[in-house]
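Here the structure comes first, spelled out in structure tokens, and everything after it is commentary.
The values are calculated or read from the model by the stated rules, or taken from the named source; none is laboratory data. Values in this document were obtained by computation on a predicted structure and should not be read as measured data. All Cβ positions, even for glycine, are placed from backbone atoms using ideal geometry, and neighbour counts span all protein chains on display. Note: areas computed on protein heavy atoms with side chains; ligands, DNA, RNA excluded. Shrake-Rupley method; radii C 1.70, N 1.55, O 1.52, S 1.80 Å.
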Amino acid sequence: MRSLIDILELSTEEIGELIAVADDIRQNPAKYREACRGKKLATLFFEPSTRTRLSFEAAMYELGGNVLGFSEAQSSSASKGESVSDTVKVVSLYADIIAMRHPKEGAPLVASMKASVPVINAGDGGHNHPTQTLADLDTIWNEKGRLDNLTIGLCGDLKFGRTVHSLIAAMSRYENVKFILISPEELKLPSYVKRDILVKKGIPYEQTTDLEAAMPQLDILYMTRVQRERFFNEDDYVRLKDSYILTPAKLKNARQDLCIMHPLPRVNEISVAIDDDPRACYFKQALYGKYMRMALILKLLGVEV
Ligand code: CP
């Protein structure tokens with residue numbers, strides 16, 4: 001039995017296979033409509049979500065399976081003090097696979113050690129978000145036609161942004177990838193991510209506060225939200241929340257084939273005026289995420305189509 005807690009648990013070959021299956025599902029949905037008949041996915045979300053939870057649920061329904069779960073800790077027995085371990089031991093009796101989001105880093109890992117069914121980390125605090133990374137990789141593959149030879153600008157909250165940490169880990173395994181880390185001083189990439197991935201693997205990177213100066217060299221611009229829920233101090237959030245707002249004017253020196261990504265939700269960091277720009281990929285990214293989650297459910301349940 002296999003869970004997915006960290007994107008690096010999947011080899012690049014396995015990621016290539018998941019992308020191929022997601023592509024096949026997109027092109028031949030009818031082929032997969034009965035694939036998970038009789039199977040149940042439990043979505044245990046102790047933290048809010050729109051895309052991740054609903055795309056997991058849509059994924060399971062489109063595979064012919066069923067879904068149960070909760071969307072907030074308050075409506076579960078966690079509100080009465082039940083531990084994550086006990087919760088997943090019990091949910092394992094009712095479901096064949098679990099997708100869990102939790103505000104505490106490491107909670108899905110603990111869950112995977114106690115559950116008797118596969119557990120998928122659907123985001124743990126400021127740590128990891130591997131299925132968002134699968135969506136991101138599928139987007140890059142489909143929009144750029146490659147996962148190597150790319151200069152990737154990551155902009156906004158690089159400190160608490162779990163999608164950024166997982167994406168750096170995943171992309172660092174492909175050839176000739178360079179990162180431009182664009183953030184305010186207070187929201188720089190954590191030193192453990194720099195040390196354990198970028199420095200250790202000799203991946204080229206630059207750190208800057210200047211988005212417009214970085215723009216001309218980017219193949220991909222990955223915008224992120226400054227996450228109010230991760231700040232201890234409201235004044236710090238208010239001071240930093242508008243650090244980067246991508247507007248059409250700021251794209252003046254961008255490449256014509258730039259791919260603009262964002263894990264969403266956005267607040268104001270990408271102007272809605274950009275939504276109709278052909279370079280805006282963030283809504284497609286949310287759709288790619290559903291197909292990759294379908295491919296992942298099939299893989300972890302060992303279902304062959
Ligand atoms: N990208 C993402 O994780 O979105 P949700 O928080 O809506 O699931």
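For helix 12-27, report the angle its Cα long axis makes with the longest principal axis of the Cα atoms of the chain; keep it between 0 and 90° and round to the nearest 10°.
Between the helix axis and the principal axis of the chain, the angle is about 80 degrees.
With a ≥ b ≥ c taken as the square roots of the eigenvalues of the C-alpha gyration tensor of segment 1-146, please select rounded if a/c is under 1.5 and otherwise prolate if a/b is larger than b/c or oblate if it is not?
Verdict is prolate for segment 1-146.
Which whole-number percent gives the relative contact order of the chain, counting Cα pairs below 8 Å spaced six or more residues apart?
With pairs under 8 Å counted, the relative contact order is 20 percent.
Hey, got a sec? Which trypsin sites (Lys or Arg not before Pro) in segment 112-177 land in a DSSP loop and have at most 16 other Cβ atoms within 10 Å?
Those satisfying the criteria are Arg146.
Over all alpha-carbon pairs of the chain, lay out the pair-distance distribution in 10 Å bins, whole %, shortest bin first.
Using 10 Å bins, I get a P(r) of 6, 28, 35, 23, 8, 0 for the chain.
Need the C-alpha centroid separation for segment 62-81 versus segment 231-304, integer Å.
With segment 62-81 and segment 231-304 each reduced to a Cα centre, they are spaced 26 Å.
In degrees between 0 and 90, to the nearest 10, how far off the longest principal axis of the chain does helix 51-62 point, with axes built from Cα atoms?
50
Going by amide H atoms built from the backbone, whose H comes under 5 Å of the H on Ile120, apart from near neighbours?
Leu4, Ile98, Ala99, Met100
How far apart, in nanometres, would the label points at Glu82 and Ala213 be if each is projected 7 angstrom from Cα along the Cα-to-Cβ direction?
Label at Glu82, label at Ala213, 5.4 nm between them.
Dipole magnitude of segment 30-177 about its Cα centre, charges +1 at Lys/Arg Cβ and -1 at Asp/Glu Cβ only, in debye to the nearest 20?
260
Mind checking which of Leu251, Val305, Pro278 is farthest towards the positive end of segment 149-305's charge dipole, using Cβ charges of +1 (Lys, Arg) and -1 (Asp, Glu) about the Cα centre?
Val305
How far apart, in nanometres, would the label points at Arg255 and Asp275 be if each is projected 7 angstrom from Cα along the Cα-to-Cβ direction?
That separation, rounded to one decimal, is 2.7 nm.
Glu304 versus Asn28, label points 7 Å from Cα toward the beta carbon: distance in nm?
1.5
For Gln207, which sequence-distant residues (separation of 5 or more, or a different chain) have an amide H within less than 5 Å of its own amide H, given hydrogens modelled in the peptide plane?
Hits under the 5 Å cutoff: Leu181.
On a 0 to 90° scale, report how tilted helix 282-301 is relative to the longest principal axis of the chain, with both axes built from alpha carbons and the result rounded to the nearest 10.
Computed tilt is about 40 degrees.
Highest mean first, how do 241-250, 201-210 rank when packing is the count of other Cβ atoms within 10 Å averaged over residues?
So the peptides 241-250, 201-210, ranked by packing, come out 241-250, 201-210.
Work out the length of the dipole vector of the chain about its Cα centre, built from +1 on the beta-carbon of each Lys and Arg and -1 on the beta-carbon of each Asp and Glu, and round it to the nearest 20 debye.
Dipole of the chain, to the nearest 20 debye: 400 debye.
Over segment 106-235, with the other protein chains present, what is the accessible area per residue in square angstrom, probe 1.4 angstrom?
Dividing the accessible area of segment 106-235 by its residue count gives 36 Å².
Work out the charge dipole of segment 22-86 with +1 on the Cβ of Lys and Arg and -1 on the Cβ of Asp and Glu about the Cα centre, then indicate which of Ser71, Val84, Cys36 is farthest towards its positive end.
Cys36
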